[in-house]
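The values are calculated or read from the model by the stated rules, or taken from the named source; none is laboratory data. It should be emphasised that the depicted structure is a prediction, and the values quoted were computed from it without experimental measurement. All Cβ positions, glycine included, derive from the backbone under ideal geometry; neighbour counts span all protein chains shown.
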Amino acid sequence: MKNNSVLKEIMGTSLYLLVVLILTFLVVTYVGQRTKVSGSSMEPMLSDGDNLIVDKLSYRFSEPERFDIIVFPFRYAEKTYYIKRIIGLPGETVFIDEEGNIYINDELLSESYGREVIEDPGRAYEPVTLGENEYFVLGDNRNNSSDSRDPVVGNIHRDEFIGKAWVRIWPLNKMGMIKHQ
C-alpha cells in the first residue's frame, strides 16, 4: 500500500514538472523573452544593464508602428541582439540631412526621442527607400548607436523581429512598462 502511494506521488510530481516545463517552453518561445541591454545606444530610455521582457506575441496580431522599440538579432554575431526604435516604415523613404534632421517621404519627422542632433547620417545621407516588410531603426543615443544608418545593420526585415520591448524588470527602481509612443 505504501509503495502504491509513493508511486502515485512520484507520478503526480513528475507530471506537474512536465506541465511546468512545457508551459515555460511555450511562454519563452511564443509569448515573452528576457533580454539584457548592453551598451548605451538607447539612452536615456534604456540603459546598459537594464533587463527587459520582450513581447513576442503583439506583432502576430498587429503591425509594428513608428517609434516602437524592437529587439532583433544582429546578423553577423550569434546570440547578439539589438534594441532600437522604429523610425521608417515599409514603403517609406528616409533621409537625414547635414543638420541631423530626419525626413520621411520628404516631410520632417517630428520626434523627441533622439538624445542629441545626429552628427553622421550614415547611409541615409542619400534617401533610403524601404521595401515591403522593411523598417529603418535608430538608437535614441543617435551618435553612439549602430543602427540602420550603418550598412552592416541596414534595413530590418519584419521576419527578423524577436518582438517589442515590453517591461523593464531590472533595476528595480526603474521597473515598469516601456513607453513607445
- Got a number for residues in the range 124-159 being assigned to a helix (DSSP H, G or I) and surrounded by 16 or more Cβ atoms within 10 Å (Cβ to Cβ)? 2
- Query: Looking only at residues in the range 160-181 that are charged (D, E, K, R) and in a helix (DSSP H, G or I), which one is surrounded by the most Cβ atoms within 10 Å (Cβ to Cβ)?
  - Reply: E160
- How many residues of the range 87-109 are touching a residue at least 40 places away in the same chain (Cβ under 8 Å), among the hydrophobic types (A, V, I, L, M, F, W, C) and out of contact with any Pro (no Cβ under 6 Å at 6 or more places or on another chain)? The answer is 3
- Message: Please count how many residues of the range 48-75 are touching a residue at least 12 places away in the same chain (Cβ under 8 Å) and within 14 Å of R168 (Cα to Cα).
- Response: 10
- S112 is checked against (1) under 17 Å from M45 (Cα atoms); (2) in contact with a strand residue (DSSP E or B) (Cβ under 9 Å, 6 or more places away or on another chain); (3) of a type in the set (G, A, S) and fails just one. What number does that condition carry? (2)
- Task: Search the range 145-181 for residues being of a type in the set (S, T, N, Q) and within 17 Å of the chain's Cα centre (by Cα), and hand back the single one that is modelled with the lowest pLDDT.
- Result: Q181
- Message: Condition (residue is at pLDDT 85 or above and part of a loop (DSSP other than H, G, I, E, B)) applied to the range 29-41: is it met by at least one residue?
- Response: yes
- Within the range 118-152, the residues that are β-branched (V, I, T) and out of contact with any Asp or Glu (no Cβ under 7 Å at 6 or more places or on another chain) are I118, V128, T129, V152
- Message: For a quick check of your reading of the model, give me the residue pairs whose first member lies in the range 147-175 and is more than 26 Å from I118 (Cβ to Cβ), whose second is assigned to a helix (DSSP H, G or I) and aromatic (F, W, Y), with beta-carbon atoms closer than 7 Å and at least 6 apart or on different chains.
- Response: G163/Y59
